[in-house]
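The values are calculated or read from the model by the stated rules, or taken from the named source; none is laboratory data. All of these numbers come straight from a predicted model, not from anything done at the bench.
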Amino acid sequence: MECPHCHQALPFLLCSECGSQTPEGSLFCFKCGKPVKHEESGEKEMDVSERVLCSDGNCIGVMNEQGVCNVCGKPYVGGSA
């Protein structure tokens, strides 16, 4: 899968419903909108009320536990989280 903005390769998962590629760490499939299942990777589901959105105004990702965006990989830049 390729980032539509910077064209870097992105790690992806295959949707269990439609088989489409969706960025790793996504909560929903980009094509069909069904929830992405993370059981195989052992990831816990994110509490939506606690998420921190990517500080890049063009990205749709959220910040992960390491402080980088789960879609574009940029570190968080901004005031209070």
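Please verify whether Gly73 is at pLDDT 85 or above, in a loop (DSSP other than H, G, I, E, B) and within 13 Å of the chain's Cα centre (by Cα), treating the condition exactly as stated. Quick ask: steps written out before the conclusion?
Values: at pLDDT 85 or above: yes; in a loop (DSSP other than H, G, I, E, B): yes; within 13 Å of the chain's Cα centre (by Cα): yes.
Judged against the criteria, Gly73 is a match.
Determine whether Gly25 is modelled with pLDDT of 85 or more, under 14 Å from the mean Cα position of the chain (by Cα) and part of a loop (DSSP other than H, G, I, E, B). Show your work before the answer.
Numbers: modelled with pLDDT of 85 or more: no; under 14 Å from the mean Cα position of the chain (by Cα): yes; part of a loop (DSSP other than H, G, I, E, B): yes.
Criteria not met by Gly25.
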